[in-house]
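So the structure is just underneath, and the comments pick up after that.
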Amino acid sequence: MLLLLACMFGGNHVAARFAFNDGVDVATAVALRSAATALVVGLLVLQQRVSWALAPRQRLMLGIVSLLVAVQSLSLYAAVARLPVALALLAFNTWPMWTALWARLLYGRSPARQTLVAMPVILFGLALALDVFGAASGLGAQAQWGRIGAGVAFAVGAAATFGVVMVVTQHEIAAVDGRLRSAVTMGVVGVLGFAVALAQGGLQWPQHAPGWWGLAMLTLLYGTAFTIMFTLLPRLGVVGSSPILNVEPVAAMVLAWALLGQRIAPVQVLGALIVVGTVMVLGFRRT
């Protein structure tokens, strides 16, 4: 089930690239995806009679987390629109390092020794995957960063924001039912996504059939995977943030190669495996 979810999340980003290539903007994709997911999870919350009672501080922190998730969602899709899908997700996969940093800054929690050891390994693998010196592409460092710089900035920004989300969730709203937390968060993200889209001149729709299919599939894949992760898996005793879900960049790499024709050099594949493997080792050691 976890491997299937990883493939679905990866497929959602590949589908998003089809939509972006056909005229859909980031805000429109985030708004539709999040609103549809919020509707489904909200209906489950009502059907399962989940309590809506929250302490004042929990309401405040849930609102902050929802705003941060909106920023993270917009940033990650912006990265996917500018980079090969797998590379955008790999840069986002630096979030465990950001989580350790924010835990230290916000709550005085020192990172575990294995996290400190893993940080340079993740950065080394990411440098290979992104081809930071332009060796694999033959462009050179300056031209390579001119091509990938904006996308990498958005992906790293998404990772940094998600790190805050993880830390604040753990310390402030972990006691809030995951279904309620997810419904509220996706609802806020959806509303903010629509607001951003309207501020930019309105929703941007696809121009051709592949774009419509991409928009529909990103909504379906994300909404289905998100709903399963936050409703069924916790009831089965499986942690939603299981490290197996970090297979997502590899799944996205394969799907993007097969469907979008996105190819990366062998040394970049090696870097991707280093990043994914290290993050998975970190996750398994925490559990």
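The values are calculated or read from the model by the stated rules, or taken from the named source; none is laboratory data. Keep in mind that what you see is a predicted model, and the values were worked out from it rather than measured. Note: ideal-geometry Cβ built from the backbone for every residue, glycine included; neighbour counts use all protein chains shown.
Out of Ala158, Ala199, Ala252, report the one residue that is among the small types (Gly, Ala, Ser), modelled with pLDDT of 90 or more and surrounded by fewer than 16 Cβ atoms within 10 Å (Cβ to Cβ).
When all the criteria are applied, what remains is Ala199.
Could you please let me know if Leu270 is under 28 Å from Ala100 (Cα atoms), in a helix (DSSP H, G or I), modelled with pLDDT of 90 or more and not polar (S, T, N, Q)?
yes
Restricting to region 124-144, give me the number of residues that are in a helix (DSSP H, G or I), modelled with pLDDT under 90 and surrounded by fewer than 19 Cβ atoms within 10 Å (Cβ to Cβ).
3
All but one of (1) surrounded by 22 or more Cβ atoms within 10 Å (Cβ to Cβ); (2) within 16 Å of Ala19 (Cβ to Cβ) hold for Val184, so report the exception by its number.
Evaluating Val184 over (1) surrounded by 22 or more Cβ atoms within 10 Å (Cβ to Cβ); (2) within 16 Å of Ala19 (Cβ to Cβ) leaves (2) as the failure.
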